[in-house]
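Data block below; observations after.
The values are calculated or read from the model by the stated rules, or taken from the named source; none is laboratory data. A quick note: this is a predicted structure, and the numbers were derived from the prediction, not measured. Cβ sites come from the backbone with ideal geometry, for glycine too, and all protein chains shown count toward neighbours. Areas reflect the complete protein model, heavy atoms only, side chains present, ligands, DNA and RNA absent. Shrake-Rupley method; radii C 1.70, N 1.55, O 1.52, S 1.80 Å.
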Amino acid sequence: MNAKDVKVEKTVEKARSLKNVPFRYCPGCGHTIIHRLIAEVIDELNIRERTIGIAPVGCAVFAYDYFNFDMLEAAHGRPPAAATGMKRTLPDKIVFSYQGDGDLAAIGTGEIIHAANRGENITVFFVNNATYGMTGGQMAPTTLPGQVTTTTHVGREINTTGYPLRMSEMLATIEGAALIARTAVDSPENIRNAKKLIEKAFKYQIEDKGFSMIEILSPCPTNWGMTPARAAIWLREEMMHYYKLGVFKDNPTDSQNQTKSSGVSAVMRSL
Amino acid sequence: MKKRVIIAGSGGQGILFFGQLLTYAAMLDGLEVTCFPSYGAEMRGGTANCTVIISDSVIGSPVIRNPDILVVLNDASYIRFSEKLSSGGILIYDSSVVNSGVHREDIKTIKVPANDILSSFNGARSANMAMLGAFIAVTEIVEIDSVFRALDEITPSRRRASLDVNKAIIMKGYSSLYDVPLNTLEGNLKG
Amino acid sequence: MNKALMKGNEALALAAIHAGCKFYAGYPITPQNEIPEYMSRTLPAWGGAFVQAESEIAAINMVFGASACGARAMTSSSSPGISLKQEGISFLAGAELPAVIVNMQRGGPGLGNISASQADYFQAVKGGGHGDYRLLVLAPFTVQEIWDLTMLAFDKADEYRNPVMILGDSILGQMMEPFIPTPYMKPALPEKTWALNGCAGRQPNVVKSLFVGEGELEEKNYVLQDKYRRMKAKDVRFQTQDIEDAELIVVSFGIAARISTEAVSMLRKTGKRVGHFRPITLFPFPEKQIHDLARRGAKFIAVELNAGQMVEDVRLAVNGKSEVLFYGRPGGGVITPEELYDRLKDEC
Ligand SMILES: Cc1ncc(C[n+]2csc(CCOP(=O)(O)OP(=O)(O)O)c2C)c(N)n1
Ligand code: SF4
Ligand SMILES: [Mg+2]
């Protein structure tokens, strides 16, 4: 780590948007880093008091224990729907959902596609760790071909289980989406990049530019059966090979979103 | 008093509008009334029907099997409903389009040549309004003024232009039958 | 006040708007399509948001989000769609969020048909989704009552912080009937201090249904059970007809009650000592009132458009004190008053 990274770490410790409690994720788990990044950005944008987050069902279900702002815990896969209800009700608030790959790319596929397609002015953080962390490492829709999980004992066989879903590429084809990007939290450089994208996504929402999703490749050392160091390498060498980092869509169509906002702008401001 | 009416025809003939006007007029007359239109899959295949019950006391079931009065605007409905008409009931049908013959001695049958009634209205196709006029004349369940007021109140603004024509058609359907006692009517029309 | 003439579904939508509903999400299904259609036309002009959701699952979760933000929120559907909503309804109950859920029932099981049915009684009153929870269930039987009870549903949902279900059926939703659109009067209700609307000037709020700490969920359940007990003590609603001297009492709700009142009136005219008891709240069920009537010696017959569901609650209420019979038709079969008259005349 260079001097700059250390500085970043220090700011993290102080984030107002995190409660003063220790994280209980496994050592080397990507969720910890991603929580920190989100909290930091919310602090820096000074939006903590108007932010509402949605915790998924997955290892990050306890996000509400860590984030120091209003939080909803939604049903498995349904955060984009809940976020829709929230943002349409309180258009002035900043609404984000935080979802795993089982949550977003399996049980909640319908909700994410349609929230994106409606161009909901919300921010989605999609934590892709290629497995079902919370339930003990079963195959996820994002599990790599050949990857061993507790339900693919000999490695994922594509002829019976299909190919891993590239959600970012898929959502980038949707007209309603404003920003779709994939990043990772395996290295200081990528962590910096992830933070930039997280900030950009929040700014898009603040500026009423519409739907954004930041996919974050994230290690799950526990279920991958690796040390944190080895997990970072596997993420880089195997996951990134299949899931290319990059910005797949960056097309804030103001007009489209303005139409929608005007329809809902009056809603609930009086609440 | 309790009259159970079924109005039936094909989609696009304004069956539900007939039912709605009748219901609204009954409400204006201070009567109890329910209106149960066909909906959903029943509308596939282009049929439409509507059950209207008008009473001077509280109405229970809005759904009935055997109407006292049946108004039919096409052959299919004639075939489907005419056997269900209660004994002693009144069948009012558009004789310009209904050809089927279900002969029943125990009912009163009123033929309304809706096309003839409409002929002076320059291309108007509102057979439903002609039938409504005839219906009011024959049954005297609601006041014709109430039907006109109902028409004023529920015609959507984009259809405002049709308002006066519709009133005239109702009036013509009404006067074509008014004051003719039922029994002679039936005899006349049969003969 | 002048009467209005509307379909049950439309009266329900308008009543919701008058009661301050600010969010509606739904997915098309017959026979309740007039509700989303009406909402889409009217709600935005009243400062609310309408969303046609991608599924009933999404719709109930949108309501979950909107309600968590403090908005009065509603969704509507019919039987198969209500089945899909069950997980979300359980989450609403677990998170103690108010919401109004409308079920215009149709024939089942499966895709069934679109005829009137009351076969979702068990699902509505016994929980429906997972976990030990109850909905407050209102069963209107006229368009007037649809208007009145829809307004009440929003108040009760807020009062109890619990989802309230309006259990109707195809006929009630589709029929038109004059009613008096009485203005909405909001009662005094506690402020929604729990709502998620930004933590400015206060500690952050969390709305959740996950309680994994030692004994935490059990504790939560006692809170819920206490709430259901309060509903039972305070919010039982019912209506009776000719029960004072009745030897036979017909028990029915919703559309079956309309059919029953007619059959009972016909029987009364022939001198039969028959009465009618109509639960308006299906949960809480008027068990004490029915029990008292049973102790007086009255015999009961539950009349339902299903194969026999509410009859079980009547039996529980009667608790062996008298006889309980059943008459019904499943699968969207609609009983006529004449049919019911024939069935009843030999029982009294
Ligand atoms: C309806 C429903 N089905 C299944 C589950 C069980 N479940 C909990 S978390 C989870 C998968 C979590 O995986 P992911 O979304 O990838 O999150 P991660 O734990 O990997 O971060 C499942 C299947 C549930 N809670 N609800
Ligand atoms: S199981 Fe995996 S995803 Fe879950 S906390 Fe542990 S490392 Fe993180
Ligand atoms: Mg995962």
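Only strands (runs of 3 or more DSSP E) whose full extent lies in the range B:1-117 are considered here, and the ones with at least 2 residues that are open to solvent by 40 Å² or more (accessible area, probe 1.4 Å) are B:2-10, B:108-112.
If the condition is being away from ligand 1 (no atom under 15 Å from the Cβ) and within 14 Å of chain C (Cβ to nearest Cβ), then the range A:112-168 contributes A:Ile113, A:His114, A:Ala115, A:Ala116, A:Asn117, A:Arg118, A:Gly119, A:Glu120, A:Asn121, A:Ile122. Scanning the range A:1-49 for residues that are of a type in the set (A, V, I, L, M), at pLDDT below 95 and farther than 27 Å from A:Thr131 by Cβ yields A:Met1, A:Ala3, A:Val6, A:Val8, A:Ala15. Is at least one residue of the range A:76-98 touching a residue at least 60 places away in the same chain (Cβ under 8 Å), more than 8 Å from chain C (Cβ to nearest Cβ) and over 19 Å from C:Gly70 (Cβ atoms)? The answer is yes; a qualifying residue exists.
For the range C:18-49, the tally of residues that are open to solvent by 10 Å² or more (accessible area, probe 1.4 Å) and facing chain A (nearest Cβ under 9 Å) stands at 3. Restricting the first member to the range C:289-303 and to residues that are free of Cβ contacts under 8 Å to residues at least 40 places away in the same chain, and the second to residues that are outside any helix (DSSP H, G or I) and open to solvent by less than 10 Å² (accessible area, probe 1.4 Å), no beta-carbon pair is closer than 6 Å while six or more apart or on different chains.
One line per residue, one yes/no per condition, for (1) in contact (Cβ under 8 Å) with a residue 12 or more places away in the chain; (2) open to solvent by 10 Å² or more (accessible area, probe 1.4 Å); (3) within 27 Å of C:Arg161 (Cβ to Cβ):
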residue	(1), (2), (3)
C:Lys227	yes, no, yes
C:Met231	yes, no, yes
C:Ile243	yes, yes, no
C:Val250	yes, no, no
C:Ala257	yes, no, no
C:Glu262	yes, yes, no
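The lone criterion from (1) more than 14 Å from chain A (Cβ to nearest Cβ); (2) of a type outside the set (Ser, Thr, Tyr); (3) out of contact with any helix residue (DSSP H, G or I) (no Cβ under 6 Å at 6 or more places or on another chain) left unmet by C:Ile89 is number (1). Would you mind stating whether A:Gly136 is part of a loop (DSSP other than H, G, I, E, B), more than 16 Å from ligand 2 (Cβ to nearest atom) and either touching a Lys or Arg at 6+ places or on another chain (Cβ under 8 Å) or open to solvent by 10 Å² or more (accessible area, probe 1.4 Å) (or both)? Answer is no for this residue. A single entry from A:Glu49, A:Glu40 fulfils the requirement of being away from ligand 3 (no atom under 16 Å from the Cβ) and surrounded by fewer than 21 Cβ atoms within 10 Å (Cβ to Cβ): A:Glu49.
Here C:Leu5 meets each of (1) part of a helix (DSSP H, G or I); (2) of a type in the set (A, V, I, L, M); (3) touching an Asp or Glu at 6+ places or on another chain (Cβ under 8 Å) with one exception, condition (1). Could you go through the range A:182-201 and let me know if any residue there is part of a loop (DSSP other than H, G, I, E, B) and open to solvent by less than 10 Å² (accessible area, probe 1.4 Å). Among the residues of the range A:182-201, at least one is part of a loop (DSSP other than H, G, I, E, B) and open to solvent by less than 10 Å² (accessible area, probe 1.4 Å), which makes the answer yes. Residue check: is C:Arg161 open to solvent by 20 Å² or more (accessible area, probe 1.4 Å) and closer than 22 Å to C:Ala71 by Cβ? So C:Arg161 passes the test. Just one of (1) touching a residue at least 12 places away in the same chain (Cβ under 8 Å); (2) farther than 30 Å from C:Gly331 by Cβ; (3) out of contact with any Leu (no Cβ under 8 Å at 6 or more places or on another chain); (4) surrounded by fewer than 24 Cβ atoms within 10 Å (Cβ to Cβ) fails for C:Phe154. It is (4).
When the range A:210-228 is filtered for residues that are away from ligand 3 (no atom under 16 Å from the Cβ), surrounded by fewer than 22 Cβ atoms within 10 Å (Cβ to Cβ) and not in a helix (DSSP H, G or I), only A:Thr227 remains.
Taken together, A:Val95, A:Val61 contain a single residue that is away from ligand 3 (no atom under 16 Å from the Cβ) and either buried (at least 24 other Cβ atoms within 10 Å of the Cβ) or not acidic (Asp, Glu) (or both), which is A:Val95.
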